[in-house]
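Chemist: Below you will find the structure I want to go over with you.
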Amino acid sequence: VRYGAGRRRFEPAPPATLYRATLRYDAERVRPLADYDPGRLRIGIAEARTVRVRGGPSELRLALGTGVPVELDLEFGAAQAELELGGLRLRRAAISTGASETRVRFSRPNSERCASFTLDLGAAAFRAYGLGHANIERLRVAGGLGDVVLDFGGEWRGDLDADIEMGLGSLTLRLPRGVGVRIVRSGALAAFDPEGLVKRGEGYYSPNWDTATYRASFRIAASLGSVQVRWIEPAGAPAP
């Protein structure tokens with residue numbers, strides 16, 4: 001999915017639907033893109049030079065089917081994005097944002113193991129909720145200027161390995177009690193609040209690291225800004 005300026009909304013499709021898309025755009029300045037070959041969908045706009053159309057902002061609404069495995073490659077420009085990915089059979093995802101406000105939610109478990117989940121964030125406000133439901137094996141985050149919140153509530157079914165690089169911005173990790181957590185950080189100029197973690201050698205560990213059923217290992221490189229750890233109840237619903 002390639003989409004520049006405007007609103008974007010993703011959600012699961014009704015049963016027996018492979019995908020359904022609605023685009024609102026300036027026909028004089030951009031060209032819609034909607035191609036489907038067996039197993040591959042390309043959708044968006046061919047050029048993203050406009051930020052508004054007559055009568056209101058441009059908009060993309062995309063519903064994806066929950067009956068087939070999915071690999072997502074999403075590129076967004078400015079404005080807002082609301083992504084509900086809960087219930088998708090997600091095997092891989094890459095999300096790239098510009099100067100945008102993006103909210104990602106997994107309100108239901110992913111029945112597939114997501115081998116990699118990559119976030120490339122520009123000057124953005126980014127929120128992701130229910131990442132425990134996403135069943136991610138490897139998480140990679142590159143953040144520039146912005147405020148990033150990663151909430152790992154939901155149903156855990158495997159370990160998580162995460163690499164996070166932050167520039168000038170803030171990062172908040174919302175971690176469920178019961179999951180073993182290890183954080184190794186670099187970047188002495190970034191403020192770090194390791195709430196509930198104990199320093200062991202070069203890392204910070206939760207008290208249950210050695211006995212937890214599932215573990216999350218974070219390597220965080222932060223230049224300026226702040227890194228905060230906050231704890232949530234393991235059985236609680238993802239935050240709003």
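Chemist: Do you know which residues across the stretch 175-198 are of a type outside the set (A, V, I, L, M) and at pLDDT 95 or above? Quick ask: steps written out before the conclusion?
Modeler: The initial filter retains those residues of the stretch 175-198 that are of a type outside the set (A, V, I, L, M), namely 176-178, 180, 182, 185-187, 192-196.
Passing the criteria: Pro176, Gly180, Arg182.
Chemist: Can you name the residue in the stretch 153-176 that is charged (D, E, K, R) and in a strand (DSSP E or B) and is also most open to solvent (accessible area, probe 1.4 Å) among such residues?
Modeler: Glu165
Chemist: Condition first: loosely packed, with under 15 Cβ neighbours inside 10 Å and out of contact with any strand residue (DSSP E or B) (no Cβ under 7 Å at 6 or more places or on another chain). Can you find one or more residues in the stretch 133-152 that meet it?
Modeler: Scanning the stretch 133-152, I find no residue that is loosely packed, with under 15 Cβ neighbours inside 10 Å and out of contact with any strand residue (DSSP E or B) (no Cβ under 7 Å at 6 or more places or on another chain), so the answer is no.
Chemist: Working only within the stretch 109-126, note down all residues that are surrounded by 17 or more Cβ atoms within 10 Å (Cβ to Cβ), part of a loop (DSSP other than H, G, I, E, B) and modelled with pLDDT under 95.
Modeler: The one that is surrounded by 17 or more Cβ atoms within 10 Å (Cβ to Cβ), part of a loop (DSSP other than H, G, I, E, B) and modelled with pLDDT under 95: Gly122.
Chemist: If a residue must be loosely packed, with under 11 Cβ neighbours inside 10 Å and at pLDDT 80 or above, how many such residues does the stretch 1-60 contain?
Modeler: Qualifying residue count, the stretch 1-60: 9.
Chemist: Which members of the stretch 177-214 meet the condition of being open to solvent by less than 60 Å² (accessible area, probe 1.4 Å) and part of a strand (DSSP E or B)?
Modeler: Gly180, Val181, Ile183, Val184, Ala191, Phe192, Asp193, Gly203, Tyr204, Tyr205
The values are calculated or read from the model by the stated rules, or taken from the named source; none is laboratory data. This structure is a prediction, so every number in the text was calculated from the model and none was measured. All Cβ positions, glycine included, derive from the backbone under ideal geometry; neighbour counts span all protein chains shown. Surface accessibility is based on the protein's heavy atoms, side chains included, excluding ligands, DNA and RNA. Shrake-Rupley method; radii C 1.70, N 1.55, O 1.52, S 1.80 Å.
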